[in-house]
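In what follows, a single structure is set out as structure tokens and then discussed.
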Amino acid sequence: MGKVIAIANQKGGVGKTTTSINLGTSLAHQGKKCLIVDIDPQGNTTSGLGINKGDVEVCIYDVLIEELSISNVVLSTDIDNLDLVPATIELAGAEIELVQTLSREQRLKRALQPIQDDYDYILIDCPPSLGVLTINSLTAAHTVLIPIQCEFYALEGLGQLLNTIRIVQKHLNKKLEIEGVLLTMFDGRTNLSVQVMDEVKKYFQQKVYQTVIPRNVRLSEAPSHGVPILNYDPRSRGAECYLQLAKEVMANGR
Ligand code: ADP
Ligand code: MG
């Protein structure tokens with residue numbers, strides 16, 4: 001059975017989408033069969049993988065709300081071993097619509113069950129909130145990977161995220177574990193980045209990945225070309241680091 005990893009942090013712009021796309025691609029590159037589920041109404045993972053959202057006829061919204069089978073929504077990508085469940089702006093209504101739905105927190109978990117054996121890894125790119133879509137992701141996941149941007153205020157709001165994880169563990173998904181904490185957009189020339197790194201390590205200790213993702217302009221350029229970093233610039237630091245992260249995630253096992 002595939003390992004389901006939610007990539008979550010309710011802060012926007014911390015590198016959730018960049019990590020979903022590039023960790024997914026790097027795992028696929030190592031021969032692992034991967035699925036990325038885009039559950040953010042912004043659909044940045046969808047467009048970042050070169051899929052025109054205007055062409056997407058059914059998306060994760062139809063799975064969560066209309067109970068369409070997820071296999072009808074899975075798209076193959078240009079990358080070997082990598083599939084995608086896309087999201088479009090239609091999903092923006094789901095937060096509200098799900099509130100009135102029976103077993104609303106379990107929808108994604110149930111939807112994934114029939115295809116879970118088809119993949120080694122299923123990564124869920126969460127939206128920047130702790131609403132019902134993120135709760136669905138944490139309920140469906142075996143583990144949660146938390147990207148933290150090495151900037152001022154990075155740690156603010158982390159308590160809320162950890163609290164939400166605890167609530168999910170208590171009521172919805174007892175086995176949910178923290179997969180790891182990933183430092184992103186690290187700039188070794190600034191004291192601030194180093195300070196954030198020290199604080200995060202003090203708090204999360206061995207849960208922090210050895211791999212640190214540097215601030216790398218190639219990583220920020222790749223999405224506008226609709227390709228992951230491994231296709232855009234395989235020799236960049238960004239590409240190297242995400243491959244390294246994939247190896248750490250694989251070494252983590254289950
Ligand atoms: P989130 O999904 O958490 O909102 P994104 O992955 O979309 O965050 O990243 C926010 C912005 O920062 C995007 O424009 C992205 O291209 C850029 N970005 C992400 N990681 C890096 C990095 N390591 N170096 C430079 N830019 C990055
Ligand atoms: Mg995002």
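The values are calculated or read from the model by the stated rules, or taken from the named source; none is laboratory data. Predicted model only: the values in this text are computed from it and were never measured. For neighbour counting, all protein chains shown are included, and Cβ atoms are generated from backbone atoms with ideal geometry for every residue, glycine included.
Some observations on this one:
- Scanning segment 226-254 for residues that are closer than 29 Å to Asn52 by Cβ, touching a residue at least 40 places away in the same chain (Cβ under 8 Å) and not in a loop (DSSP other than H, G, I, E, B) gives Ile229, Leu230, Asn231, Gly238, Ala239, Tyr242, Leu243, Leu245, Ala246.
- Single condition Cys150 does not satisfy, out of (1) surrounded by 18 or more Cβ atoms within 10 Å (Cβ to Cβ); (2) farther than 30 Å from Pro234 by Cα; (3) modelled with pLDDT under 95: (2)
- Across segment 37-61, the qualifying residues are those that are among the aliphatic types (A, V, I, L, M) and away from ligand 1 (no atom under 12 Å from the Cβ), and the one among them that is surrounded by the fewest Cβ atoms within 10 Å (Cβ to Cβ) is Val58.
- Considering segment 216-248, and only residues there that are surrounded by fewer than 20 Cβ atoms within 10 Å (Cβ to Cβ) and in contact with a strand residue (DSSP E or B) (Cβ under 8 Å, 6 or more places away or on another chain), the residue that is nearest to Ser20 (Cα to Cα) turns out to be Glu248.
- Qualifying residue in segment 86-107 (condition: under 25 Å from Leu219 (Cα atoms) and in a helix (DSSP H, G or I)): yes
- Any hit, segment 221-230, residues being over 20 Å from Asp78 (Cα atoms) and under 16 Å from the mean Cα position of the chain (by Cα): no
- Residues in segment 103-123 that are among the hydroxyl-bearing types (Ser, Thr, Tyr) and touching a Leu at 6+ places or on another chain (Cβ under 6 Å) were compared, and the one that is farthest from Gly24 (Cα to Cα) is Tyr119.
- Scanning segment 208-215 for residues that are part of a loop (DSSP other than H, G, I, E, B) and within 16 Å of ligand 2 (Cβ to nearest atom) turns up at least one hit.
- Residues being over 20 Å from the mean Cα position of the chain (by Cα) and either modelled with pLDDT of 95 or more or hydrophobic (A, V, I, L, M, F, W, C) (or both) - total across segment 63-99: 7
- Segment 118-132 - residue that is buried (at least 24 other Cβ atoms within 10 Å of the Cβ) and among the hydrophobic types (A, V, I, L, M, F, W, C) and, of those, farthest from Gln42 (Cα to Cα): Ile122
- Failed item, numbered, when Gly188 is tested on (1) closer than 26 Å to Gln42 by Cα; (2) free of Cβ contacts under 8 Å to residues at least 60 places away in the same chain; (3) of a type in the set (Gly, Ala, Ser): (1)
- Lone unmet requirement of (1) more than 16 Å from ligand 1 (Cβ to nearest atom); (2) surrounded by 24 or more Cβ atoms within 10 Å (Cβ to Cβ); (3) in a loop (DSSP other than H, G, I, E, B) for Ala28: (3)
- Test for Tyr203: is it closer than 19 Å to Gly48 by Cα and of a type in the set (Phe, Trp, Tyr): no
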